[in-house]
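The values are calculated or read from the model by the stated rules, or taken from the named source; none is laboratory data. Keep in mind that this is a model prediction, so the values were computed, not measured. Every residue, glycine as well, gets a Cβ built from its backbone with ideal geometry; the counts of neighbours run over all protein chains shown.
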Amino acid sequence: QQQVKQSPQSLIVQKGGISIINCAYENTAFDYFPWYQQFPGKGPALLIAIRPDVSEKKEGRFTISFNKSAKQFSLHIMDSQPGDSATYFCAASSQTGANNLFFGTGTRLTVIP
Amino acid sequence: NAGVTQTPKFRILKIGQSMTLQCTQDMNHNYMYWYRQDPGMGLKLIYYSVGAGITDKGEVPNGYNVSRSTTEDFPLRLELAAPSQTSVYFCASSSAGQGIYEQYFGPGTRLTVT
């Protein structure tokens, strides 16, 4: 059973466009929602994360939007660049656990020049 | 700091063989984790540890064993390798503390069982 559902599976965006990736969860005990970025042949690296007490968090061109009532959150990449081409994973965890992360299935983003 | 290091980078095993994937972190993190990554499936937690001497099962522990004798090392043991264990394995670590959640991942080990 996939605890965090992610879509789309792949995404192609023109340079300068907006990339949007969506995730949904069921477990209301989750209280931490990170996004990880992974380049080919590398391990995932934390990109940005949000707690459920805020509805939006922005870091540079990357923004997380969080809808607690709908149990959904999304990643927006503004002014997408070819260097953003990577696989993006959303995840969720609960403070009551050992920080165990439940990952979405990933979105392969390709930004074309 | 080297962060999280994993060895080997690649390995091919025959069915029924065994091996140990090594993981070391130099950030003095209490929490360590092993994940496997399969195409289209994301990362699944195999085992985790909240400190030396303490380990627990994750989502997909069958066919694996772990030990944690030191803070730095968290090896993953595969006994009687099966083709279903063909995957990329990632080790990660995290600091223990209120509100500290970020996990730092190693570069991965690509394992093929034939």
Is it true that some residue in region B:75-84 is surrounded by 15 or more Cβ atoms within 10 Å (Cβ to Cβ), more than 12 Å from chain A (Cβ to nearest Cβ), aliphatic (A, V, I, L, M) and in a loop (DSSP other than H, G, I, E, B)?
-> yes
Have a look at B:VAL66, B:VAL4 and point out the one that is within 11 Å of chain A (Cβ to nearest Cβ) and surrounded by 15 or more Cβ atoms within 10 Å (Cβ to Cβ).
-> B:VAL4
How about region A:36-68: which of its residues are within 14 Å of another protein chain (Cβ to nearest Cβ) and polar (S, T, N, Q)?
-> A:GLN37, A:GLN38
Filter region A:37-47 down to residues that are on the phi < 0 side of the Ramachandran plot and touching a Gly at 6+ places or on another chain (Cβ under 9 Å), then give me how many there are.
-> 3
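Let me confirm something: among A:ALA29, A:ALA86, A:ALA91, A:ALA24, which residue is under 23 Å from B:TYR48 (Cα atoms), more than 10 Å from chain B (Cβ to nearest Cβ), small (Gly, Ala, Ser) and in contact (Cβ under 8 Å) with a residue 24 or more places away in the chain?
That would be A:ALA29, the only listed residue that is under 23 Å from B:TYR48 (Cα atoms), more than 10 Å from chain B (Cβ to nearest Cβ), small (Gly, Ala, Ser) and in contact (Cβ under 8 Å) with a residue 24 or more places away in the chain.
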Given B:GLY42, B:GLY51, B:GLY108, which one is under 14 Å from A:ASN99 (Cβ atoms) and not aliphatic (A, V, I, L, M)?
-> B:GLY51
Which one of these does B:ASN30 not meet: (1) within 10 Å of another protein chain (Cβ to nearest Cβ); (2) touching a residue at least 40 places away in the same chain (Cβ under 8 Å); (3) within 23 Å of A:GLY106 (Cβ to Cβ)?
-> (3)
Give just the number: which of (1) at pLDDT 95 or above; (2) in a loop (DSSP other than H, G, I, E, B); (3) of a type outside the set (A, V, I, L, M, F, W, C) does B:THR55 not satisfy?
-> (2)
Among the candidates A:THR96, A:THR87, A:THR63, A:THR110, which residue alone is β-branched (Val, Ile, Thr), at pLDDT 95 or above and under 30 Å from B:ASP56 (Cα atoms)?
-> A:THR87
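Tally the residues that are within 13 Å of the chain's Cα centre (by Cα), without any contact (Cβ under 8 Å) to a residue 40 or more places away in the chain and surrounded by fewer than 18 Cβ atoms within 10 Å (Cβ to Cβ), restricting the search to region A:63-83. Let's see the steps before the verdict.
Here is the first cut: in region A:63-83, the residues within 13 Å of the chain's Cα centre (by Cα) are A:63-66, A:72-77.
Next cut, without any contact (Cβ under 8 Å) to a residue 40 or more places away in the chain only: A:63-66.
Then keep just the ones that are surrounded by fewer than 18 Cβ atoms within 10 Å (Cβ to Cβ); that gives A:65.
Adding up the residues that qualify gives 1.
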Name every residue in region A:28-62 that is surrounded by 13 or more Cβ atoms within 10 Å (Cβ to Cβ) and of a type in the set (S, T, N, Q), in order of residue number.
-> A:GLN37, A:GLN38
